[in-house]
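Computed from the coordinates by the stated procedures, all read-outs in this text should not be read as laboratory data. None of the values given here were measured: they were computed from a predicted structure. Cβ placement follows ideal geometry from the backbone for every residue including glycine, while neighbour counts extend to all protein chains displayed.
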């Protein structure tokens with residue numbers, strides 16, 4: 001049975017083209033991936049991300065448990081702050097990537113991918129026995145709406161008395177939007193400034209419609225899964241299931257910045273220490289295709305006359321107006337500037353390993 | 001709602017053929033371009049290649065997806081639309097005209113009778129839930 005978010009009717013009324021994604025019926029696009037992508041880079045876009053999972057950890061040892069479960073340092077995470085992190089298996093493979101929201105030392109919210117929520121919850125439960133805490137999958141209670149883009153702050157500010165201009169990236173607080181209590185973080189999956197808004201699912205429609213109406217003068221548009229994918233790819237944010245999975249490690253994926261090997265023990269730590277000691281045999285790199293033909297997920301990559309890898313995410317990049325992609329390449333072919341070939345329907349098209357992220361916004365302050 | 005010119009023949013794969021003597025001009029329908037969204041790349045064959053009816057002769061790509069192009073009737077490629085390499089977006093703006101894909105020498109004009117005409121194609125699209 002396909003699941004529906006509380007905004008399902010709104011998507012259909014707005015002309016969203018509905019598809020199945022990770023067991024959910026969601027809009028892949030409304031006006032089209034290019035105008036939606038550009039709106040987020042230039043003004044603002046609104047995303048329904050209610051399919052994401054929310055697992056709440058409460059109890060005396062809640063922080064200790066999440067610290068053992070994930071790679072980032074939860075003990076030194078401030079209350080009302082969040083960070084990007086991963087859960088690993090014992091081999092150092094990624095069970096999922098997630099955001100940890102610390103409410104207090106005794107209460108944390110783990111925001112996980114939709115397609116992996118059930119697997120993640122089972123994984124958490126199976127490792128929680130030694131800790132004094134309770135693990136609850138509260139995904140059905142929450143709606144999540146993301147407002148992203150340079151105009152996001154100004155649109156949201158018009159709807160809340162809480163001052164947003166001094167709210168740093170990766171902090172969160174409970175604010176009222178037209179009287180609806182929401183937990184809002186300054187974060188997102190687009191490479192732009194923006195906010196992720198969590199509210200009780202029964203208020204989702206109210207918050208969604210308010211943001212669309214309030215943002216209309218600033219050019220806000222509803223955005224679908226297609227734009228979400230191209231935006232995150234331009235910013236080289238990993239997509240679980242494509243760029244990272246149970247067989248790839250954070251070090252190979254270039255996500256070592258989120259891993260705190262010195263913080264104390266966590267699941268997968270020994271495997272990562274061994275990898276670090278022995279050196280990496282492959283790395284996730286960004287490439288640019290030097291041809292009009294886009295590279296697509298799964299296309300083979302050749303170097304030195306042999307197939308050396310596959311595209312994990314590949315697409316035309318609407319803002320950069322280039323064909324870009326990500327792939328694991330043997331370390332010897334992974335340096336920036338290395339020439340590679342992509343097999344596009346039997347034809348080898350030239351590409352080059354480039355510096356990532358492909359797109360980085362110019363920050364007004366920080 | 002899209003309109004489908006009455007002088008064209010239409011396939012179930014959403015390609016059209018305009019017949020001029022032995023020559024057929026092939027493109028994708030307005031319905032197909034709407035479903036596809038903004039076209040960013042079109043891959044077309046070299047002149048001289050021959051195909052049977054139903055063969056894939058190239059592909060058309062949007063940001064999101066790659067779609068195969070299928071030849072509605074058998075023939076030999078005479079010419080590919082060179083302007084699509086620099087301006088693929090004309091497939092969206094003028095699908096039944098300037099956005100044509102290839103011209104072919106039609107091998108067997110009898111195959112045209114297996115294709116749909118305008119009204120029939122319009123009904124077919126509706127049945128597929130497209131309009």
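Would you tell me the mean number of C-beta atoms belonging to other protein chains that fall within 10 Å of each C-beta in B:53-62, as a whole number?
Rounded to a whole number, the mean comes out at 2.
Hey, how many Å between the Cα centroid of the range A:230-309 and the Cα centroid of the range A:330-360?
14
Sort A:140-149, B:30-39, A:266-275 for me by packing, meaning the mean count of neighbouring Cβ atoms within 10 Å per residue, highest on top.
A:140-149, B:30-39, A:266-275
At 0.36 nm per residue, and after removing the present C-alpha to C-alpha distance, how many nm does the segment from residue A:336 to residue A:280 gain when stretched out fully?
Additional length available on full extension: 18.5 nm.
If you average the alpha carbon positions of the range B:91-122 and of the range B:1-42, how far apart do those two centres end up, in angstrom?
The two parts, judged by their Cα centres, are 5 Å apart.
Counting only other chains, and only Cβ atoms inside 10 Å, what mean value do you get across the residues of A:26-36?
Whole-number average of other-chain Cβ neighbours for A:26-36 is 3.
Any idea how far apart residue B:93 and residue A:160 come out in nm if each label point goes 7 Å out from Cα toward Cβ?
According to this spin-label approximation, the distance is 4.2 nm.
Could you calculate the contour length gain from residue A:213 to residue A:107, that is, 0.36 nm times the residue separation minus the distance between their Cα atoms, to one decimal place in nm?
34.7 nm
GNM on chain A, C-alpha springs below 10 Å: top fluctuator among A:254, A:279, A:194?
Looking only at A:254, A:279, A:194, the biggest GNM fluctuation is shown by A:279.
Where is the GNM fluctuation largest for chain B (alpha-carbon springs, 10 angstrom cutoff): B:63, B:19, B:91?
Taking springs between Cα atoms under 10 Å, the residue moving most is B:63.
Rank these for me by crowding, A:87, A:38, going from fewest to most other beta carbons within 10 Å.
Going from least to most buried by this count: A:38, A:87.
Evaluate the distance, in nm, between pseudo-label points positioned 7 Å from the Cα of residue A:270 and of residue B:78 along their respective Cα→Cβ axes.
7.3
Per-residue mean of other chain beta-carbon atoms within 10 angstrom of the beta-carbon, peptide A:221-231?
Average neighbour count from other chains, rounded to a whole number: 1.
Using packing as a proxy for protection, rank A:40-48, B:95-103 so that the peptide with the highest average count of other Cβ atoms within 10 Å comes first.
Per-residue mean Cβ counts within 10 Å order the peptides as A:40-48, B:95-103.
Could you let me know the centre-to-centre spacing of the range A:133-187 and the range A:87-120, using Cα atoms, in angstrom?
One Cα centre to the other: 20 Å.
Would you please give the FRET efficiency between residue A:118 and residue A:58, computed as 1/(1 + (r/R0)^6) with r the Cβ-Cβ distance and R0 = 22 Å, to the nearest 0.05?
The calculated FRET efficiency here is 0.60.
Tell me, what is the FRET efficiency for residue B:113 and residue A:79 to the nearest 0.05, using R0 = 60 angstrom and their Cβ-Cβ distance as r?
Between residue B:113 and residue A:79 the formula returns 0.20.
Running a GNM on chain A with Cα contacts under 10 Å, which residue among A:230, A:63, A:160 ends up with the highest mean-square fluctuation?
A:160
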